[in-house]
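Peer 1: First the structure, which I've put down as structure tokens, then a few questions once you've had a look.
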Amino acid sequence: MVGWAIALHGGAGDIPIDLPDERRIPRETALRHCLDLGVSALKSGKPPLDVAELVVRELENHPDFNAGKGSVLTTQGTVEMEASIMEGNTKRCGAVSGLTTVVNPISLARLVMEKTPHIYLAFDAAEAFARAHGVETVDPSHFITPENIARLKQAKEFNRVQLDYTAPTPPKELENSGDSQIGTVGCVAVDSAGNLASATSTGGYVNKMVGRIGDTPVIGAGTYANHLCAVSATGKGEEIIRGTVARDVAALMEYKGLSLTEAAAYVVHQSVPRGSCGLVAVSAKGEVTMPFNTTGMFRACATEDGHSEIAIWPNN
């Protein structure tokens, strides 16, 4: 029985079980809102590509996630956002990196897919393309929040590049000022006809080098969709790129005949290092899976048969 399905994530990492309510509840509320938005769009007949873009745009606009408004800062205190989007049946895709003024990078990635002969645009050229197509932009200072300044300060003090949700062990007086509890966002969707799409967006690592590109805009690493499944990954970008995580899920289904759940579980638990990765995925049959090998992953999903879930830690 084929039915629609949707899954989304807000980042994976070392999310402490005792995450304070003031940090946990806004993110759970945002996931619930975005899930409801996506479900409504699917029920109204919107194509999965539209649904994935719509949900990721909403997540980009939420300051508690590491994408769009909430993007973390580079070592120079700047924002460099990246995103990609892919349609399953056609394998059309678009990606962008190095954005400093674009409000919704995921929509620019879709424009690259639809309005150019290319797949990937980056930095000044991507910014110029955005301006030429009337994409909403703001002064870069729009993205420089006090919270992210504090996160960067803390990361510099501990001389580290900081992964989504993974904080150093700071002195007590820094624990509240250096909150790094934010993460990459993504959405995958399938309609009742089996059409699939995936979208992912991020600000990268806290204290990353200027010019660093992660897995999010790399088709086959952080994002992939074909006729069998759609996948959006989150975690340590370098490990996800090395493992071609999103494509491997599809490849295991295609060449080994594994189910979506089996393929995703193998990739997350067998082919990348522990503590490095999570993903959300849907199949053309309306199946959903959301495995991770980190402490937790902000995630949500819903299917046409009535299943719905919003969770952070393992469901034990």
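Peer 1: Can you work out the Karplus-derived ³J(HN,Hα) for every residue in the range 61-66? Use 6.51 cos²θ - 1.76 cosθ + 1.60 with θ = phi - 60°, whole Hz, and x for glycine or proline.
Peer 2: Listing the rounded values in order: 7, 9, x, 8, 10, 7 Hz.
Peer 1: Send over the Kirkwood Rh of the chain, from the inverse of the averaged 1/r over different Cα pairs, rounded to one decimal Å.
Peer 2: Radius from the Kirkwood sum: 18.7 Å.
Peer 1: Oh, and also: Averaged over all directions, how much area does the convex hull of the C-alpha atoms of the range 34-164 cover when projected, in nm²?
Peer 2: 8.8
Peer 1: While we're here: Let me make sure I get this right: for the range 189-316, a, b and c are the square roots of the gyration tensor eigenvalues over alpha carbons, sorted descending. Under 1.5 in a/c it's rounded, otherwise prolate if a/b > b/c, else oblate. Which is it?
Peer 2: prolate
Peer 1: Which ³J(HN,Hα) values in Hz, rounded to whole numbers, follow from the phi angles of the range 230-236 under the Karplus curve 6.51 cos²θ - 1.76 cosθ + 1.60, where θ = phi - 60° and Gly and Pro get x?
Peer 2: Running phi through 6.51 cos²θ - 1.76 cosθ + 1.60 with θ = phi - 60° gives 10, 9, 10, 9, 8, x, 7 Hz.
Peer 1: Measure of size requested: the Rg and Dmax of the range 275-315, with Cα atoms as the atom set and Å as the unit; please supply both.
Peer 2: Gyration radius and largest Cα-Cα distance of the range 275-315: 10.8, 32 Å.
Peer 1: Still on this structure, I have one more. How would the range 1-91 be classified by its alpha-carbon gyration tensor: rounded, prolate or oblate, with rounded meaning a/c under 1.5 and the a/b versus b/c comparison settling the rest?
Peer 2: It comes out oblate by the Cα gyration axes.
Peer 1: Set the Förster radius R0 to 22 Å, insert the Cβ-Cβ distance between Thr75 and Ala150 as r into 1/(1 + (r/R0)^6), and round the FRET efficiency to 0.05.
Peer 2: Efficiency, from the Cβ-Cβ distance: 0.90.
Peer 1: DSSP loop trypsin sites (Lys or Arg not before Pro) in the range 111-164 with at most 15 other Cβ atoms within 10 Å of their Cβ, which ones?
Peer 2: Arg160
Peer 1: Length gain on complete extension for the stretch Tyr255 to Ile119, per 0.36 nm per residue less the alpha carbon to alpha carbon distance?
Peer 2: 46.4 nm
Peer 1: Also, quick follow-up: Report ³J(HN,Hα) in whole Hz for each residue of the range 108-119, in order, from the Karplus equation J = 6.51 cos²θ - 1.76 cosθ + 1.60 where θ = phi - 60°; Gly and Pro get x.
Peer 2: Here the 3J(HN,Hα) series is 5, 4, 5, 5, 4, 4, 8, 10, 10, x, 10, 10 Hz.
Peer 1: Keeping all protein chains in the complex and leaving out DNA, RNA and ligands, what accessible area do you get for Thr116 with a 1.4 Å probe, in Å² to the nearest 10?
Peer 2: Accessible area, nearest 10 Å²: 30 Å².
Peer 1: Which residues among the range 50-64 fall inside the zone where the amide N is under 20 Å from a point 7 Å beyond the Cα of Ser192, along Cα→Cβ?
Peer 2: Within reach of a label on Ser192: 50-52.
Peer 1: Under 22 Å Cα-Cα from Lys256, which lysines qualify once same-chain neighbours fewer than 8 residues away are excluded?
Peer 2: Lys91, Lys285
Peer 1: From the Cα gyration tensor of the range 212-280, with a ≥ b ≥ c the square roots of its eigenvalues, which class applies: rounded if a/c is under 1.5, or else prolate if a/b is larger than b/c, or else oblate?
Peer 2: oblate
Peer 1: Rounded to the nearest whole Å², what accessible area per residue is found for the range 234-295 with the 1.4 Å probe?
Peer 2: Using a 1.4 Å probe on heavy atoms only, each residue of the range 234-295 averages 42 Å².
Peer 1: Looking only at Cα atoms, what is the convex hull volume of the range 1-40 per residue, in Å³?
Peer 2: Considering the Cα atoms of the range 1-40, their hull volume per residue is 91 Å³.
Peer 1: Sticking with this one: From the convex hull of the Cα coordinates of the range 179-236, what is the mean projected area in square nanometres?
Peer 2: Result: a mean projected hull area of 4.6 nm².
Peer 1: Add -39500 (n - 2.57) for each DSSP H run of 4 or more in the chain, then divide by its residues: what number comes out at 222 nm, to the nearest 500 deg cm²/dmol?
Peer 2: -9000 deg cm²/dmol
The values are calculated or read from the model by the stated rules, or taken from the named source; none is laboratory data. This one's a predicted model, so the numbers in the text were calculated from it and none came from an experiment. With ideal geometry, Cβ positions are generated from the backbone for all residues, glycine too; neighbour counts draw on all protein chains shown. Note: areas computed on protein heavy atoms with side chains; ligands, DNA, RNA excluded. Shrake-Rupley method; radii C 1.70, N 1.55, O 1.52, S 1.80 Å.
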